[in-house]
1. For ASP132 and GLU336 in one chain, what is 0.36 nm times their gap in residues minus the Cα-Cα distance, to one decimal in nm?
2. Say a paramagnetic label sat at a point 7 Å from the Cα of ASP225, along Cα to Cβ; which residues of the range 377-417 have their backbone N under 12 Å from it?
3. Note down the nm distance, to one decimal, between modelled labels 7 Å out along Cα→Cβ at THR217 and at ASN187.
4. Just need log10 I(q)/I(0) for the range 205-277 at q = 0.12 Å⁻¹, Debye formula, equal scatterers on the alpha-carbon atoms, no solvent, rounded to two decimals.
5. For the range 118-202, treating each Cα as an identical point scatterer without solvent, what Debye log10 I(q)/I(0) comes out at q = 0.12 1/Å?
6. Using a 7 Å offset from the Cα along the Cα-to-Cβ direction at both SER382 and THR411, what is the distance between the two label points in nm, to one decimal?
7. Counting only protein heavy atoms and using a 1.4 Å probe, what share of the accessible area of the range 156-252 belongs to carbon plus sulfur, as a whole percent?
8. What Kirkwood hydrodynamic radius do you get for the range 266-417 when you take the inverse of the mean 1/r over all pairs of distinct Cα atoms, in Å?
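The values are calculated or read from the model by the stated rules, or taken from the named source; none is laboratory data. Note that this is a predicted model, so its numbers are computed, not measured. Heads up, the Cβs are rebuilt from the backbone with ideal geometry, glycines too, and the neighbour counts pull from every protein chain shown. Only protein heavy atoms, including side chains, enter the accessible area calculation; ligands, DNA and RNA are left aside. Shrake-Rupley method; radii C 1.70, N 1.55, O 1.52, S 1.80 Å.
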Amino acid sequence: PHLTFSAPLSSSSMGNCMSSPKEKNQKPSQQPESPPQKAPEKQPKQEPTIDVEQSIKVEQSGENQEDSVKNVSTLDDATLKATPWEKLKRIISMAESIVEIVVEKDFEALPGSIDGHMLAYAPVINDPEFGDSSVKKVPFVLRILVQDEQIGTDPVHIGKLGKDMVFPEYPRFQFNVAASVGESTSNGGVYGDPSSIWFNVFLGFYEIVAKEKDGWTRPFGYEEDGTTINKEDFARLFCVDWNLFSAFMYGVGMDYVQPYTDLTTVLENLDTNVTVADERKEVNGKYFDSVSLHKHPSVTAYQSKKHNASKLTKTSNYTPFWQKAFGYPLDKTSDEFPDSFIPSKMTGVEWCAWSKKGDAYHTIIFGGGFVNSSQVEAGVVSQDQNDRFMQVQMNATEKCIIEQFPDVGFTSATGSE
């Protein structure tokens, strides 16, 4: 049997997908002994279609999907003969194209993709010293459209907020992320626990899609030559992700978030706060530029239970989902940290590479590892512990690249290929 998807994408066509060519209770017509002459069949108007491989590649090519995905054609022979897993991946790829067309108009936070994978998993940690990561809680890619236009019904409009506060002079772009935090305990999420080495730590990766039609002339994170790292992009990306797309959406009030999004502070001392390794990082025969961030300040989602301490609020319609994904607020507090939303200084390394598909630049950034330097200053953890924690994260990230993204990265230790 052939599996067929009907098009175009509308309520009527979706209904047609489920209809049967012949009703079960239809009575057969009486046929004469000699077959009658058949009248010429009226040919239905054919709408343009694209083949399966083209529909799978729409997102990767950077084409406008509303123009390109008019319908999804019958699965070809290659798909029908493929293994069940290959079939599933092809169907998921087609579903991604449909989701982006239908969902983008109604929601602020969307299903996204990394290198064409909507079901991408952040690196997994299962370590006897540092415990487990929470990857099973965040098994999907989140997309936020960083743009001037407001979309969806959430009054926060987090994509526009990020654009206005952190990227005011940038063209619009797509922010895709898959990330995990430390596994929650009976006390609550360690993401907001200042006594944990996982405090304010994320482990995962991004894909930033920047399209020429929106005004981009370079990949995000790189200069026009395609090889020189744009340090400012990385400082702004850290700022918007840790402070707005994470802490604010989790429930930290804007009065506490705003000081950490001040661009004068974010962009000062770029030469020392953002550094680039002399040599690229090699993983599985592919190469990545290695960018380090040093003690970047950010707000945290720690909520003290002291009666006069500031509390988390529902800053967005999505706040309950953020808290479920990151781990719920602590059930108890420590006398060592009587104030909520204490600052942190995050240090980490990121591995990045870019490619161009159609008119779109795709920059993929793997967060090789991040640690909270404030934990060392507070005496909660030692520098040796942080160093070991960083190495555990980097090992997990390498494994993730090899298993999920073997084709991502530059083919040369130098240049943009």
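1. Working: separation 204, 0.36 × 204 = 73.44 nm, distance 2.52 nm.
Once the chain is fully extended between ASP132 and GLU336, it gains 70.9 nm.
2. What the label zone holds, given the 12 Å backbone N cut-off, is 415-416.
3. Result for the modelled spin labels: 5.3 nm.
4. Here log10 of I(q) over I(0) equals -0.41.
5. Summing over Cα pairs of the range 118-202 leads to -0.51.
6. Spacing of the two 7 Å Cα→Cβ label points: 4.7 nm.
7. Working: 1120 of 2280 Å².
So the carbon and sulfur contribution to the accessible surface is 49 percent.
8. Working: mean 1/r = 0.0549 Å⁻¹.
When all Cα pairs of the range 266-417 are included, the Kirkwood radius is 18.2 Å.
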